[in-house]
Amino acid sequence: MPTNNHPHPSEVTPESIYMNRRSFIRRASVASIGGSLIAGGVWARHKNAPRVEGTSDDELTPWETVTGYNNFYEFGTGKGDPKENAQDFKTDPWSIEVSGEVSEKRTFSFEELVDGLTVEERIYRMRCVEGWSMVVPWNGFMLKDLIEHLGPTEDANYVEFTTLMDRTQMPGQNSPVLPWPYVEALRLDEAMHPLTIMVTGVYGKKLPPQNGAPIRMIVPWKYGFKGAKSIVKIRFTKRQPRTTWNEAIPREYGFYANVNPEVDHPRWSQASERRLGEFFRRDSLMFNGYDEVAPLYEGMDLSRNY
Amino acid sequence: MATLPPTLSSRKRDWIPYAKIALWIALLAPAFILLDRILLLGQFSGGNFVDDPVELIQHWTGNTALILLLLGLAVTPMRRLLGWNWMIRFRRLFGLFAFFYATMHVVSWFVFDHQLALGPIFKDVLERNWILVGMMSWLLLIPLAVTSTVGWIRRLGGKKWNRLHQLVYPIAILGVLHFLWQTKLLERDPVLYTVALVILLAVRRWIRRK
Ligand code: HEM
């Protein structure tokens, strides 16, 4: 196990260690609620666990939780449903249609689209709008690189992402919980931000279907639902596209959906969050702690543009 | 009672103490399963790894409390409709355990979500309808739990005691409302509870009219 506190991002800890760590984490958490059940040895190992670069106390969420606790309503609304229902999901062959205000307007195969883009590991906090969070080592490339390849026109102000619509493979789409297919979008400058990535893997492995295989978007300073999964369409638009949760419940889910501890959800506070596996809540951070994106929203009233 | 042949009467109720023990075990089981899943990684109950223990505690105890409340409400209809008079012997246990699980539920929220900080607790209760009705439901359960003993029935007298314990209806309604109001979308479970509650209330009215 690495002993320094700031491992290089590519220093992927072998999975066996993650798998064992889940029980350490649990025991350590239990100890922290008052029982002195556990000997000091566990604590020592706990402290040496890999950490997110640049932050002091963010520890990776175990693989099992990252791939077993998912909101992906196409496969059911329960947190365990996606893992259960997505196992036979076919991601090969996969094609992605690029359209709208863009020069490379056509359908790409997945391989064609990602070919030549540099995949790197990014360890990001993931904050769900429901008030829980994870720390995930994604593998992906900057969306910016892809967009530059595709060449948006002068009129492109937004990028829209659409998830696959397939009622036989995605049983959740038979239920009218949301207006299908799932659509999410970003302002072009948000999409071009170097923190915004397209993800094809996690923990150094191919992205599992329950996490949005074969390709999904991750915008770490926004609530998790912005990260469209299993993307089949990318469209560049002049006007702000309609997005699924915003359309379903506009009062609760805005277009921007930036993590913001000062703007509560109507039914719960966003000031704090529970890191999965922990017992007590921790303070949520403005922009999920990614302050470098603040200039994107300069002059905007974020309590209205939630 | 005195008119019944003594042998028959005692034979008829022989099984009740055993059933009570079985019921105690059944009603404690959810608490043991919960402890096992969280502290022992489900070694005995065979559950999966728990990603979010606090969520599990709150969902598990909330659902158990609500189910027990509804079972308690089902006792009178069962007696009237099916003639299962013995069910009355178990009603108090349903009620007490509903209170037990509701209290675990609420305390877990006090402790894990708010670390017992009163300011944020009050703020949440006042700002959020679904928490407010949950709190009302739990607060109303307290006097019922306190007065559930034979001593209190005597002290209050049957009539007053009965009137007080009618509170279980608003308690159940508030509990169901608490669940309905917290979900993002119309989900299955709160709808099932609502249907069950409506049926129970309808049956009660129908029985009263007869
Ligand atoms: C002060 C009082 C109460 C508070 C603060 C409270 C709080 C909560 C919280 C935080 C949740 C979890 C929400 C989530 O994870 O999204 C919850 C769920 C729930 N509560 Fe309560 N609650 C209270 C009283 C009650 C009572 C008295 C009952 C039962 C009679 C009850 C039944 C439930 C049920 C059934 C759920 C849903 C579990 C699920 O999603 O499967 N609650 N409550």
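What the table below lists for this structure:
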{"quantity": "Test: residue in segment B:137-159 that is closer than 19 Å to A:Asp264 by Cβ and within 16 Å of the ligand (Cβ to nearest atom)", "calculated": "no"}
{"quantity": "Scan of segment A:163-172 for residues that are in contact (Cβ under 8 Å) with a residue 24 or more places away in the chain and over 21 Å from the mean Cα position of the chain (by Cα), ordered by number", "calculated": "A:Gln169, A:Pro171"}
{"quantity": "Helices (runs of 4 or more DSSP H) enclosed by segment A:97-202 - at least 2 residues per element that are over 20 Å from A:Ala257 (Cβ atoms)", "calculated": "A:110-114, A:143-150"}
{"quantity": "Odd one out for B:Ile38 among (1) within 14 Å of the ligand (Cβ to nearest atom); (2) more than 22 Å from the chain's Cα centre (by Cα); (3) of a type in the set (Val, Ile, Thr)", "calculated": "(1)"}
{"quantity": "Some residue of segment A:251-260 being touching an Asp or Glu at 6+ places or on another chain (Cβ under 7 Å) and either within 26 Å of A:Asp155 (Cα to Cα) or free of Cβ contacts under 8 Å to residues at least 24 places away in the same chain (or both)", "calculated": "no"}
{"quantity": "Pairs with Cβ under 8 Å, 6+ apart, first in segment A:118-141 and over 19 Å from A:Pro208 (Cα atoms), second among the β-branched types (Val, Ile, Thr) and at pLDDT 95 or above", "calculated": "A:Arg127/A:Val259"}
{"quantity": "Complete set of residues in segment A:259-279 that are more than 18 Å from the chain's Cα centre (by Cα), in a loop (DSSP other than H, G, I, E, B) and among the polar types (S, T, N, Q)", "calculated": "A:Ser269"}
{"quantity": "Residues within segment A:280-306 that are assigned to a loop (DSSP other than H, G, I, E, B) and farther than 30 Å from B:Val111 by Cα, tallied", "calculated": "7"}
{"quantity": "Test result for B:Leu174, at pLDDT below 90, open to solvent by less than 40 Å² (accessible area, probe 1.4 Å) and not β-branched (Val, Ile, Thr)", "calculated": "no"}
{"quantity": "B:Val191 being part of a helix (DSSP H, G or I), touching a Leu at 6+ places or on another chain (Cβ under 9 Å), within 16 Å of the ligand (Cβ to nearest atom) and within 14 Å of another protein chain (Cβ to nearest Cβ)", "calculated": "yes"}
{"quantity": "Residue check for A:Arg267: open to solvent by 20 Å² or more (accessible area, probe 1.4 Å), within 13 Å of chain B (Cβ to nearest Cβ) and touching a strand residue (DSSP E or B) at 6+ places or on another chain (Cβ under 6 Å)", "calculated": "no"}
{"quantity": "Failed condition for B:Thr194, given (1) open to solvent by 50 Å² or more (accessible area, probe 1.4 Å); (2) farther than 19 Å from B:Trp60 by Cβ", "calculated": "(1)"}
{"quantity": "All positions within segment A:97-113 that are open to solvent by 30 Å² or more (accessible area, probe 1.4 Å) and β-branched (Val, Ile, Thr)", "calculated": "A:Thr107"}
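This table checks each residue for (1) on the phi < 0 side of the Ramachandran plot; (2) open to solvent by less than 40 Å² (accessible area, probe 1.4 Å); (3) more than 9 Å from every other protein chain (Cβ to nearest Cβ).
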| position | (1), (2), (3) |
| --- | --- |
| A:Glu247 | yes, no, yes |
| A:Gly254 | yes, yes, yes |
| A:Asn260 | yes, yes, yes |
| A:Phe279 | yes, yes, no |
| A:Phe287 | no, yes, yes |
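The values are calculated or read from the model by the stated rules, or taken from the named source; none is laboratory data. No experiment lies behind these values; they were computed from the predicted model shown. Because the Cβ atoms are built from the backbone with ideal geometry, glycine has one as well, and the counts that use them run over all protein chains shown. Each accessible area value is taken on the protein alone, full model and side chains, heavy atoms only, with ligands, DNA and RNA left out. Shrake-Rupley method; radii C 1.70, N 1.55, O 1.52, S 1.80 Å.
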